[in-house]
Amino acid sequence: MHNVRISIPSFRSEDNPMEKGYTVFKIEVLMNGRQHTVEKRYSEFHNLHKILKKSIKLPEIPSKHVRNWVPKVLEQRRHGLELYLQSIIMENEVLPKIFLDFLNIRHFPSLPKTESCGSFEMESEESSKLTHQPTMIYQRDPYLLPSTHDTFSNVVIEGVIHGIFYPDLQPR
């Protein structure tokens with residue numbers, strides 16, 4: 001089971017003078033305690049469906065042809081798309097990269113080598129934790145206010161200044 005929660009809490013209509021109006025669905029993605037929002041049109045869901053059906057088991061997607069100006073029908077479509085995304089997550093052990101990209105999911109636990117179909121494999125929870133290098137902090141900014149009792153001159157700053165302003169000059 002994946003540690004991803006998906007909901008589509010709302011939608012809005014967009015009017016565009018260049019083309020017919022359309023509906024945008026707001027997708028909320030919660031993963032590992034972090035939440036972000038993605039907005040997608042139905043056509044983007046439909047394109048995703050066409051790509052995914054070649055490689056994984058998919059639920060039915062809500063009908064493409066509806067009267068999208070009727071609020072009740074839009075609400076049914078919103079609910080159907082929400083179930084569609086949730087079903088993909090529940091029914092597939094491996095989530096394809098294209099699906100993760102659609103939801104704008106980064107840092108999904110994966111093994112270094114991905115499958116040929118472009119999907120991520122699951123790792124154990126222990127090895128999927130993010131790691132970082134130790135960081136160094138300063139009590140004061142050494143570049144803004146160099147100490148007057150510093151025993152060493154600031155070689156880095158002098159080197160950068162000489163490199164930028166006097167590239168032909170040899171360091172002392």
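The values are calculated or read from the model by the stated rules, or taken from the named source; none is laboratory data. Owing to the predicted nature of the structure, the values given are computational and were not obtained by experimental measurement. Here the Cβ is made from the backbone with ideal geometry for all residues, glycine too, and neighbour counts use every protein chain on show. Areas reflect the complete protein model, heavy atoms only, side chains present, ligands, DNA and RNA absent. Shrake-Rupley method; radii C 1.70, N 1.55, O 1.52, S 1.80 Å.
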Count - residues of the stretch 12-32 that are under 20 Å from the mean Cα position of the chain (by Cα), more than 13 Å from Ile105 (Cα to Cα) and open to solvent by 50 Å² or more (accessible area, probe 1.4 Å): 1
Condition met for Glu82 (in contact with a strand residue (DSSP E or B) (Cβ under 6 Å, 6 or more places away or on another chain), under 22 Å from Leu100 (Cβ atoms), in a helix (DSSP H, G or I) and open to solvent by less than 90 Å² (accessible area, probe 1.4 Å)): yes
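Taking Arg12 as the residue in question, decide whether it is under 16 Å from Ile89 (Cβ atoms), of a type outside the set (Asp, Glu) and in a strand (DSSP E or B). Give the steps one after another, and end with the answer.
Details: under 16 Å from Ile89 (Cβ atoms): no; of a type outside the set (Asp, Glu): yes; in a strand (DSSP E or B): yes.
So Arg12 fails the test.
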Pairs with Cβ under 7 Å, 6+ apart, first in the stretch 80-91 and farther than 17 Å from Pro9 by Cα, second in a helix (DSSP H, G or I) and open to solvent by less than 20 Å² (accessible area, probe 1.4 Å): Ile88/Phe99
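Considering only residues that are assigned to a strand (DSSP E or B) and open to solvent by 60 Å² or more (accessible area, probe 1.4 Å), look in the stretch 37-60 and name the one that is farthest from Leu100 (Cα to Cα). Please lay out each step first, then the result.
Quick first cut of the stretch 37-60, residues assigned to a strand (DSSP E or B) only: 37-41.
So of that shortlist, the ones also open to solvent by 60 Å² or more (accessible area, probe 1.4 Å) come out as 37, 39, 41.
Working: Thr37: 13, Glu39: 14, Arg41: 17 Å.
Here the answer is Arg41.
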